[in-house]
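Readers should treat all values here as calculations from the given coordinates under stated rules, not as data from a laboratory. Treat the numbers as computed from the prediction; the structure is a model and nothing was measured. Counting neighbours? That spans all protein chains shown, and the Cβs are built from the backbone with ideal geometry, glycine included.
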Amino acid sequence: MPEGLEAELYRRSAEQAAGRRITDVTVYDHQEMAMEIRTALPGHRFTSVRRHGKVVTLDLDDGPSLGLHFGMTGRLVVDGDAAIAELEYSSGRDDPAWNRLVITFDDGGTLRINDPRRWARFVLDPDLDRLGPDFLDVTADHLVAAFARRRTPVKAALLDQGVVAGYGNMCVDEVLWHVGISPTTPARDVETDDVERLVEFAPGHLMTMLQLGGSHRGTITPEVRAAVPPCPQDGAPMRREQVGGRTTIWCPVHQPDP
DNA sequence: GCCCTTGTTACGCC
DNA sequence: AGGCGTAACAAGGG
């Protein structure tokens with residue numbers, strides 16, 4: 001599913017669209033915004049493409065920016081080339097019926113959101129103020145402060161985009177497994193040392209996963225999530241339960257509950 | 001055909 | 001007030 005890593009892949013893909021003149025926009029979903037989007041974009045060019053957490057923002061040379069969020073199964077397709085060939089929990093197909101937004105450029109190329117389920121979102125001038133720091137450069141100080149008043153499982157705290165932006169279900173399990181923190185630990189009870197180890201470890205590991213293709217390319221892969229084999233690190237039976245309302249995989253031995 | 005999956009938001013409760 | 005849990009949402013796939 002599109003987590004921050006997939007959003008980064010989409011951002012890079014969207015850079016191919018920068019500088020090209022927009023000639024047409026077709027809005028198939030969120031009709032309430034169709035008018036303003038069709039008014040703002042044609043005749044203009046995207047100048048730069050940013051990402052914060054799971055939101056990709058395309059800046060316009062003149063006028064509002066365009067914010068994209070891909071929900072669970074949304075993909076960005078630029079010039080017919082899906083940035084992510086395989087996306088967990090989504091089919092591999094690129095059915096035209098699933099196009100939600102299509103932007104056409106004067107060279108005939110397109111930038112599209114294609115989403116079988118309709119949770120992808122797009123909006124002009126996205127509000128990023130409610131998002132925490134990006135997951136690739138959040139500091140330990142920030143997380144410690146944000147965790148301090150929360151009794152909720154650390155897993156839920158990391159998934160809270162207002163605490164830190166970009167983590168999805170798979171990357172949280174991945175990082176917690178590697179740094180040996182139980183996802184059930186109340187956020188306020190996570191040792192500062194452990195938060196520091198997480199912050200030190202996560203960016204490099206996530207970037208490696210990015211280079212391998214995205215959030216499903218870590219140790220806790222979709223196959224591991226489905227089959228729940230013995231812990232790849234120490235061979236103990238892994239647990240698979242709902243934590244913070246989400247299916248969670250962890251090792252009770254090297255990620256012991258507090 | 002039931003049930004699983006996900007990210008986000010809306011709600012109600014404490 | 002704000003933290004917390006949960007339901008709801010869409011719809012393909014097993």
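Considering only the other residues whose Cβ falls under 14 Å of the Cβ of A:S48, what net charge follows from Lys and Arg at +1 and Asp and Glu at -1? Local charge sum for A:S48: +2. Counting charges near A:Q211 (Lys, Arg +1; Asp, Glu -1) among other residues having Cβ under 12 Å from its Cβ returns a value of +1.
With charges only on Cβ, +1 for K and R and -1 for D and E, what is the dipole size of the range A:103-160 about its Cα centre, in debye, rounded to 20? Before the final figure, lay out each step's value.
Working: 9 positive and 10 negative charges, 129 e Å.
It comes to approximately 620 debye.
With all projection directions averaged, the alpha carbon convex hull of the range A:1-129 covers 6.9 nm². What whole number of Å gives the distance from the Cα centroid of the range A:92-144 to the Cα centroid of the range A:180-237? After rounding, the separation between the Cα centres reads 25 Å. Put simply, when A:208-217, A:18-27 are sorted by average Cβ atoms within 10 angstrom per residue, most first, you get A:208-217, A:18-27. Seen from A:G244, the other residues with C-beta closer than 13 Å to its C-beta sum to a net charge of +1, counting Lys and Arg as +1 and Asp and Glu as -1. Over the range A:182-258, the Kirkwood radius and the radius of gyration, each from Cα atoms, give a ratio Rg/Rh of 0.97. Applying Stokes-Einstein at 25 °C and 0.890 mPa s to the Kirkwood radius of chain A, computed over alpha-carbon pairs, gives a translational diffusion coefficient of 128 µm² s⁻¹.
Remark: C-alpha extents of the range A:57-172 on the principal axes read 52, 37, 20 Å, sorted largest to smallest. Across the options A:A7, A:T26, A:V77, the greatest Cα extent toward the positive end of the charge dipole of chain A (unit charges at beta carbon of Lys, Arg, Asp, Glu) belongs to A:T26.
Evaluate the charge dipole of chain A about its Cα centre and quote only its size in Debye, nearest 20, assuming +1 on the Cβ of each Lys and Arg and -1 on the Cβ of each Asp and Glu. Walk me through the numbers before you get to the answer.
Details: 28 positive and 39 negative charges, 111 e Å.
Dipole size: approximately 540 debye.
Counting only residues 5 or more places away or on other chains, whose amide H sits under 5 Å from the amide H of A:G132 once H atoms are built in the peptide plane? Amide H neighbours of A:G132, under 5 Å, 5+ apart: A:G162, A:V163, A:V164, A:A165.
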